[in-house]
Amino acid sequence: MDSANKTFFLMVVLTMVCFGITLYQFFNPVKDNVVQNQENLNLNENNEINISDKKTEFSLKNEVSVLNEKITYESDKLKVVFNANSGDIANIFIKTSDDKSFDIVKGNALNNALKLKLGSWKDGVDLNTLFDKDSIYTFSKENNKFKFACEFSSGIDEEEIVYTLEKIYTFYEGENLFHVDLKLSNNKNKSMRFDSSSNVFSLGWGPSLGVSSNKNGKKDERYEQFRYMSKDKIINLNPKHKIFRGTNGLVSFRKSLKDSWLVSDSHYFTSVIIPDGNEYDYFFDYSKSSDNLYYCGFSLVSDKSVIETGFNIYCGPKSGKILKKYDDFKNEDVYLSKTEISKIDPPIVWGLGNLLAWCLKILYSVVKNYGLAIIILTIILKLILAPLMMNSMKNSQKMQLLQPKLKELQVKYKDKPEMLSQKTMELYRKAGISPMSGCLPMLLQMPFLFAMYQLLDRMFELKGATFLWIKDLAMPDALINFGFTIPLLNIDSLNILPIIMVVSQVFQSLLTPGMGNNPQAKMMIWLMPLMFFFFFYNVSSGLVLYWTIMNLLGIAQQMFMNKTLAVSDNTVNDKVKKKK
């Protein structure tokens, strides 16, 4: 198999594998053993609660003035901004070691993080809306505990039921973890029902999740999604999941497992909500995704008159090294055991990518720039793989020089395929060539290529890192934004790196001996770079930088091979004659 056919064969195999995986995922979506809660999913129109009717039943007991000042908690890991009037978290900023901060939850006056409803998420009532007031909570603070409380009642005279609601947020210095306590009780020792469901309250986490990794605020469906832990595996729930069919984007189900958690996921950062041992319905709400509102959360199932529940919430980088700390974690106030949240960031290519990440961080500590660190690591990888590639190139050149003799054998034994195969192998053996020796080095270097690809696509440290004209290595290197998107191509800016990458790839192919002599090879010279151009055009510039440097180093290696290691036709023929 000559060099051109070998390249074509490998690309066909890779394309078939990718196509097969896509078909398998399409026809075999992830299944999960959950029981659909039809009471919450399919309520009849006549059973929906009218909030205006509730206003006549309930009244606010405590008078609260509107708080105009911002209530904020800040540490070296988190900055949390509260909506004082609703007792909710309005924004959460994740802070990194290089003094950058990223807003992963973007709230507004009506839709904040940890939005509380009495009753189910679908038909329950929000207290601010119920009482038609901007502020219903009193606020107090003691060290790192932030407490919001309110009292409201229903009924009159002896039948009056007084409810007390408290939201308590506890933060831990130096941690990406904080705790939320919810306490709801009444003075009549009665179970609490606020709508036709069996849920006492629902706590939603949203509304606009994650730092957008794409330019112009575009969402990436691979990352802007919810997940939940089911037994020992993570179930991904993006809006196209089969569970949302016919539900208008809102589903709810009851989990039998108590030790589980929910995830709101973005490209480089994640939020994990770990509930206590109470019985909950899980809900996932994409019904208002067109308005950039996404919620997931828990609805509590209980018939008690005094309810105390708690949630531990992790907000931070989607890094297995950091997440592993909270698989088992305890201090004076919190204890976590076997949460397995580190599964959110699985090892990269059997841990090879994690080793490369460690090397990249060491290089960064020396050169203080991730773009330069990527280039140096790419050079190191190329040097490690150079002996394999040199052997592959040398073998390919020998194969090219044997082509005339191979064609003679094909003509001579065109009607005797077994004899043709035997004579071909004899020719390879006499010339000292192994047909598979050219493919093996390429296969051996594939894990490194896949590991670097996944690493640079997932490494949160690249967010906001600059290099030369590149403003953010986690985003495309948009030199000029067009202000419009070219239909079908999904191009709305001039990105320089993908163009350099494609040109270098074409040039490297043209330098490869024999590529221009084969019709299939000629097609691949232009087809593959074109495919790579559209595939890499809108990905992170750190990844394109790596691939571009690999191409440039490949050009230098090929030029060296063509100049100093080319095997002449006479040398090969002499070797064949001597062995005869």
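Listed values, structure above:
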| item | result |
| --- | --- |
| LYS471 vs. criteria surrounded by 19 or more Cβ atoms within 10 Å (Cβ to Cβ) and out of contact with any helix residue (DSSP H, G or I) (no Cβ under 6 Å at 6 or more places or on another chain) | no |
| Matching residues, region 343-353, being part of a helix (DSSP H, G or I), crowded, with 19+ Cβ neighbours inside 10 Å and not small (Gly, Ala, Ser) | ILE344 |
| Any pair with Cβ under 6 angstrom, 6 or more apart, that starts in region 231-250 at a residue that is more than 13 Å from SER287 (Cβ to Cβ) and ends at one that is aliphatic (A, V, I, L, M) and at pLDDT below 80 | ILE235/VAL30 |
| Yes/no for THR164 being farther than 18 Å from PHE201 by Cβ and part of a strand (DSSP E or B) | no |
| Check on ILE362, of a type in the set (Val, Ile, Thr) and in contact (Cβ under 8 Å) with a residue 60 or more places away in the chain | no |
| Where LYS368 falls short, out of the listed (1) charged (D, E, K, R); (2) modelled with pLDDT of 85 or more; (3) under 22 Å from LYS167 (Cβ atoms) | (3) |
| Qualifying residues in region 95-112 (those that are assigned to a strand (DSSP E or B) and aliphatic (A, V, I, L, M)) - the one surrounded by the most Cβ atoms within 10 Å (Cβ to Cβ) | VAL105 |
| Out of LEU130, LEU116, sole residue that is in a helix (DSSP H, G or I) and in contact (Cβ under 8 Å) with a residue 40 or more places away in the chain | LEU130 |
| For ASP265: the one exception among (1) modelled with pLDDT under 85; (2) farther than 30 Å from GLY542 by Cβ | (2) |
| Options LEU473, LEU409, LEU443, LEU388: the member that is modelled with pLDDT of 75 or more and either outside any loop (DSSP other than H, G, I, E, B) or among the acidic types (Asp, Glu) (or both) | LEU409 |
| Set ILE380, ILE374: member being touching a residue at least 60 places away in the same chain (Cβ under 8 Å), more than 20 Å from the chain's Cα centre (by Cα), assigned to a helix (DSSP H, G or I) and within 22 Å of GLY554 (Cβ to Cβ) | ILE374 |
| Matching residues, region 322-342, being loosely packed, with under 14 Cβ neighbours inside 10 Å and in contact (Cβ under 8 Å) with a residue 12 or more places away in the chain | ASN331, ASP333, LYS338 |
| Residue match in region 113-136 (condition: among the hydroxyl-bearing types (Ser, Thr, Tyr), out of contact with any Ser or Thr (no Cβ under 8 Å at 6 or more places or on another chain), under 30 Å from LEU250 (Cα atoms) and crowded, with 18+ Cβ neighbours inside 10 Å) | no |
| Residue check for TYR294: in contact with a Gly (Cβ under 7 Å, 6 or more places away or on another chain) and under 21 Å from ILE344 (Cα atoms) | yes |
| Near pairs, Cβ below 7 angstrom, 6+ apart or cross-chain, from region 481-503 (over 15 Å from ILE549 (Cβ atoms)) to any residue that is assigned to a loop (DSSP other than H, G, I, E, B) | ASN490/ASN538; ILE491/TYR537; SER493/PRO476; ASN495/PRO476; ASN495/ASP477; ASN495/TYR537 |
| Subset of region 149-196 that is more than 30 Å from ILE322 (Cβ to Cβ) and among the aromatic types (Phe, Trp, Tyr) - its residue that is surrounded by the most Cβ atoms within 10 Å (Cβ to Cβ) | PHE194 |
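The values are calculated or read from the model by the stated rules, or taken from the named source; none is laboratory data. In this text the structure is predicted, and so the values were computed from the model without any measurement. A quick note on method: Cβ atoms are made from the backbone with ideal geometry, for glycine too, and the neighbour counts reach across all protein chains shown.
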